[in-house]
Amino acid sequence: MSEELQNSYDRVAEDYAEQFRDELDKKPFDRKMLDWLAEKVSGLGVICDMGCGPGQIARYLHSQGVGVCGVDLSPAMVQQAQGLNPDIPFQRGDMLALSDVADNSYGGMAAFYSIVHIPRQKAVQALREFRRVLRPEGVLLLAFHIGQEVKHLDEWWGKEVSIDFLFFKTEEMKGYLTAAGFGLEEVIERDPYREAVEYQSRRAYIYAKKEWFSSSPPPLNPGGTRCAMKNSPRNKCSFA
Ligand SMILES: C[S@@+](CC[C@H](N)C(=O)[O-])C[C@H]1O[C@@H](n2cnc3c(N)ncnc32)[C@H](O)[C@@H]1O
């Protein structure tokens with residue numbers, strides 16, 4: 001799965017960069033969300049742009065004086081990000097297994113529309129990796145499309161691809177984050193900007209913290225998910 005996804009993003013990296021590199025100019029809400037992340041992380045360490053694409057999130061934070069870096073699955077995307085932002089370090093990595101990133105490396109993380117490529121049954125695994133590489137008290141800002149559907153693309157900018165975009169319900173993602181051991185801070189939703197600016201989906205932004213007092217997440221159950229909300233009537237690991 002990852003290889004097909006990586007190859008697809010490799011093929012469209014240049015087009016994607018062309019389309020999205022300056023998108024934050026038209027998204028004041030997103031800039032505010034990132035300003036708040038920077039404020040929350042202040043003094044804790046570098047903020048990683050996870051699934052960075054062409055690095056526009058890292059670039060904005062960098063322009064605000066924040067120490068940043070970026071990670072992406074696609075080498076061609078990393079190349080785009082590096083070419084556009086020579087002052088920021090970018091590296092290839094898979095959020096499901098960040099083998100080149102040590103525990104407690106980052107003060108914060110911004111993952112904008114990259115969790116959308118992780119199959120539901122692996123979402124907790126990715127979020128556990130996020131948590132592992134964050135320092136205690138480190139903060140994750142996760143952005144995603146709200147919904148239940150999976151949109152599949154076979155073609156993008158005239159190139160052959162095979163990419164699934166997963167939409168998540170906000171409550172579902174909150175369950176995954178809790179299961180991965182995060183503490184939930186703020187959960188915010190917004191309507192889409194106009195069509196010329198972005199895809200017409202509602203968006204969620206969740207701030208989640210690696211709380212210092214819970215150094216390791218609860219153990220996995222045999223199915224690979226966690227039952228973090230013990231008393232919830234819906235909790236039978238039904239978000240798996
Ligand atoms: C929809 S783009 C979002 C890019 C950028 N964050 C943005 O907001 O425009 C998704 C990005 O996530 C990256 N990605 C997908 N799966 C990944 C994984 N397992 N690990 C790291 N990056 C991944 C893709 O290569 C792609 O650059």
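Structural remarks
For every residue, the table says whether it meets (1) modelled with pLDDT under 95; (2) among the acidic types (Asp, Glu); (3) away from the ligand (no atom under 12 Å from the Cβ).
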| position | (1), (2), (3) |
| --- | --- |
| Gly45 | no, no, yes |
| Met50 | no, no, no |
| Ala58 | no, no, no |
| Gly65 | no, no, yes |
| Ser74 | no, no, no |
| Val78 | no, no, no |
| Asp87 | no, yes, yes |
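- Condition check for Tyr205: among the hydroxyl-bearing types (Ser, Thr, Tyr), touching a helix residue (DSSP H, G or I) at 6+ places or on another chain (Cβ under 8 Å) and not in a strand (DSSP E or B): no
- When we screen Ser114, Ser105, Ser99 for residues that are within 15 Å of Val71 (Cα to Cα) and surrounded by fewer than 17 Cβ atoms within 10 Å (Cβ to Cβ), the only hit is Ser99.
- Any hit, region 27-46, residues being outside any helix (DSSP H, G or I), out of contact with any Asp or Glu (no Cβ under 6 Å at 6 or more places or on another chain) and on the phi > 0 side of the Ramachandran plot: yes
- Any chance Gly45 is out of contact with any Pro (no Cβ under 6 Å at 6 or more places or on another chain) and farther than 11 Å from Phe112 by Cβ: yes
The rows are residues; the columns are (1) small (Gly, Ala, Ser); (2) under 18 Å from Phe20 (Cβ atoms).
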site: Ile146; (1), (2): no, no
site: Gly158; (1), (2): yes, yes
site: Lys174; (1), (2): no, no
site: Leu177; (1), (2): no, no
site: Gly181; (1), (2): yes, no
site: Val187; (1), (2): no, no
site: Arg194; (1), (2): no, yes
site: Val197; (1), (2): no, yes
site: Arg203; (1), (2): no, yes
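- Checked against (1) in contact with a Ser or Thr (Cβ under 7 Å, 6 or more places away or on another chain); (2) over 22 Å from Leu34 (Cα atoms), Lys159 passes all but condition (1).
- Residue under evaluation Lys122, criteria (1) within 12 Å of the ligand (Cβ to nearest atom); (2) within 13 Å of the chain's Cα centre (by Cα), criterion not met: (2)
- Tally of residues being free of Cβ contacts under 8 Å to residues at least 60 places away in the same chain, surrounded by fewer than 24 Cβ atoms within 10 Å (Cβ to Cβ) and in contact with a helix residue (DSSP H, G or I) (Cβ under 6 Å, 6 or more places away or on another chain) across region 65-84: 1
- Qualifying positions in region 39-58 - crowded, with 22+ Cβ neighbours inside 10 Å and closer than 25 Å to Met77 by Cα: Ile47, Cys48, Asp49, Met50, Gly51, Cys52, Gly53, Pro54, Gly55, Gln56, Ile57, Ala58
- Any hit, region 119-137, residues being modelled with pLDDT of 95 or more and closer than 18 Å to Glu18 by Cβ: no
- Residue match in region 127-145 (condition: assigned to a loop (DSSP other than H, G, I, E, B) and not hydrophobic (A, V, I, L, M, F, W, C)): no
The values are calculated or read from the model by the stated rules, or taken from the named source; none is laboratory data. Just so it is clear, the model here is predicted, and its values are computed rather than measured. All Cβ positions, even for glycine, are placed from backbone atoms using ideal geometry, and neighbour counts span all protein chains on display.
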